[in-house]
1. Need at least 2 residues that are hydrophobic (A, V, I, L, M, F, W, C), within 21 Å of residue 314 (Cα to Cα) and under 21 Å from the mean Cα position of the chain (by Cα) per element, so show me which helices (runs of 4 or more DSSP H) inside the stretch 177-289 make the cut, counting only ones lying wholly within it.
2. If a residue has to be of a type in the set (D, E, K, R), in contact with a Pro (Cβ under 9 Å, 6 or more places away or on another chain) and in a helix (DSSP H, G or I) to count, how many in the stretch 297-320 make the cut?
3. Out of the residues in the stretch 241-300 that are closer than 20 Å to residue 84 by Cα and among the basic types (Lys, Arg), state the one that is surrounded by the fewest Cβ atoms within 10 Å (Cβ to Cβ).
4. Listed residues 68, 76, 80; which is touching a helix residue (DSSP H, G or I) at 6+ places or on another chain (Cβ under 8 Å), of a type outside the set (A, V, I, L, M, F, W, C), modelled with pLDDT of 95 or more and over 17 Å from residue 293 (Cβ atoms)?
5. Starting from residues that are in a helix (DSSP H, G or I) and among the polar types (S, T, N, Q), keep the ones in the stretch 88-111 and report whichever is surrounded by the most Cβ atoms within 10 Å (Cβ to Cβ).
6. Assuming residue 203 fulfils every condition listed in (1) free of Cβ contacts under 8 Å to residues at least 60 places away in the same chain; (2) surrounded by 15 or more Cβ atoms within 10 Å (Cβ to Cβ) apart from one, which condition is it?
7. State whether one or more residues within the stretch 40-56 are surrounded by fewer than 20 Cβ atoms within 10 Å (Cβ to Cβ), among the β-branched types (Val, Ile, Thr), modelled with pLDDT under 95 and in a helix (DSSP H, G or I).
Amino acid sequence: MAQLTAPPSVLDETPTLRGITIAGPRALFWQRFAMLFATILPLLGLGLAMWATWGWGMSGVDLGLFLGFYVVTGLGITVGFHRLFTHQSFKAPTPVRVAFAIAGSLAIQGAIIDWVATHRRHHAYSDQYGDPHSPHVDAAGGTVGMLKGLWYAHLGWLFSPDGTVQKAWAPDLLKDPAIARVSRWFPQIVAASFLAPAVLGGLLTMSFTGALTGFLWGGLVRIFLLHHVTWSINSICHVFGTRPFESHDEARNNPVMAIIGFGEGWHNAHHAFPASARHGLRWWEFDSSWIVIRTLSLVGLARDIKLPSATQMARRTRDRARPRAAARVG
């Protein structure tokens with residue numbers, strides 16, 4: 001595993017000028033408390049769901065709620081938070097933007113402006129000093145060092161005292177009234193993310209048991225799984241996989257993570273072409289988020305879609321096989 005350290009020129013710079021600030025003791029306490037709540041509660045929900053269904057299995061309603069909320073909130077992160085808002089890979093009308101902002105917020109991975117600001121900072125310093133969740137920066141060598149790096153990139157960084165300044169990394173979203181409003185609504189959206197599956201489960205089964213199992217499977221278990229899939233892009237996809245493109249960091253393509261992560265596992269391609277709306281750039285690389293964006297474009301709800309040209313892809317290809325350019329979208 002590559003061991004990267006902070007360049008002196010970077011260390012000497014003032015953190016606030018680089019869009020990074022150090023949280024105070026009180027802010028850090030509440031940050032850690034919130035993250036403990038967000039990580040432990042879904043884990044407890046997974047245990048409760050397994051206990052509740054032991055011996056008779058998962059109902060069709062529970063499965064539908066789990067899959068439905070997983071897909072909606074997962075695409076809210078990948079298509080919305082990531083490709084639309086962070087990298088501006090395509091443009092969409094305000095109602096579509098708001099819908100994706102709400103869907104991503106339901107994933108409970110942070111308010112939209114904070115999420116976008118953190119991810120833009122990640123790309124600016126990917127696997128270097130300043131990256132909020134690299135498994136390589138300051139990592140020791142050997143298996144133990146690799147495991148420590150994976151842990152930090154997966155979950156440990158969430159408890160770090162370093163903070164990302166929204167004004168430095170997401171000024172465009174702060175100036176967008178609709179998106180700023182959704183960001184302020186985050187506490188209410190979190191409550192809705194827990195309550196909606198319970199309400200639907202109760203109404204669909206007309207029972208308290210249906211409400212409880214809906215809360216467990218459509219709420220807690222779904223949040224637990226989606227959290228760890230998303231965090232695995234930060235950890236696993238910077239250590240395990242292939243690097244068909246030059247990306248100036250350790251980002252990797254991982255097909256397993258691409259399937260369960262709505263195409264985000266084609267991480268090397270994404271870091272090579274961050275603005276691309278399509279991450280699975282080769283014909284066999286399934287990218288469900290790209291299918292959603294392409295479908296939106298066909299019905300007039302997405303435009304100005306960004307894709308790398310054949311020349312750009314050829315320049316960054318590491319092996320002799322030159323991939324064909326992604327199809328242009330009008």
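1. Of the helices (runs of 4 or more DSSP H) lying wholly inside the stretch 177-289, those with at least 2 residues that are hydrophobic (A, V, I, L, M, F, W, C), within 21 Å of residue 314 (Cα to Cα) and under 21 Å from the mean Cα position of the chain (by Cα) span 267-272.
2. Looking only at that region, the number is 1.
3. Per the stated criteria, the residue is 294.
4. Numbers: 76 fails: over 17 Å from residue 293 (Cβ atoms); 80 fails: over 17 Å from residue 293 (Cβ atoms).
Residue meeting the stated conditions: 68.
5. Result: 105.
6. Residue 203 satisfies all of (1) free of Cβ contacts under 8 Å to residues at least 60 places away in the same chain; (2) surrounded by 15 or more Cβ atoms within 10 Å (Cβ to Cβ) except (2).
7. Initial filter on the stretch 40-56 (surrounded by fewer than 20 Cβ atoms within 10 Å (Cβ to Cβ)): 40-41, 43-44, 46-48, 50-56.
When the remaining residues are screened for being among the β-branched types (Val, Ile, Thr), the result is 40, 53.
Subset that is modelled with pLDDT under 95: 40, 53.
Of the ones still in play, those that are also in a helix (DSSP H, G or I) are 40.
Yes, the conditions are met somewhere in the stretch 40-56.
Rundown of residues vs (1) surrounded by fewer than 17 Cβ atoms within 10 Å (Cβ to Cβ); (2) touching a Ser or Thr at 6+ places or on another chain (Cβ under 6 Å); (3) of a type in the set (S, T, N, Q); (4) free of Cβ contacts under 8 Å to residues at least 60 places away in the same chain, yes/no style:
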position	(1), (2), (3), (4)
113	no, yes, no, no
123	yes, no, no, no
128	no, no, yes, no
144	yes, no, no, yes
155	no, no, no, no
159	yes, no, no, no
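The values are calculated or read from the model by the stated rules, or taken from the named source; none is laboratory data. As the structure is a prediction and not an experimental result, all values here were calculated from the model. Because the Cβ atoms are built from the backbone with ideal geometry, glycine has one as well, and the counts that use them run over all protein chains shown.
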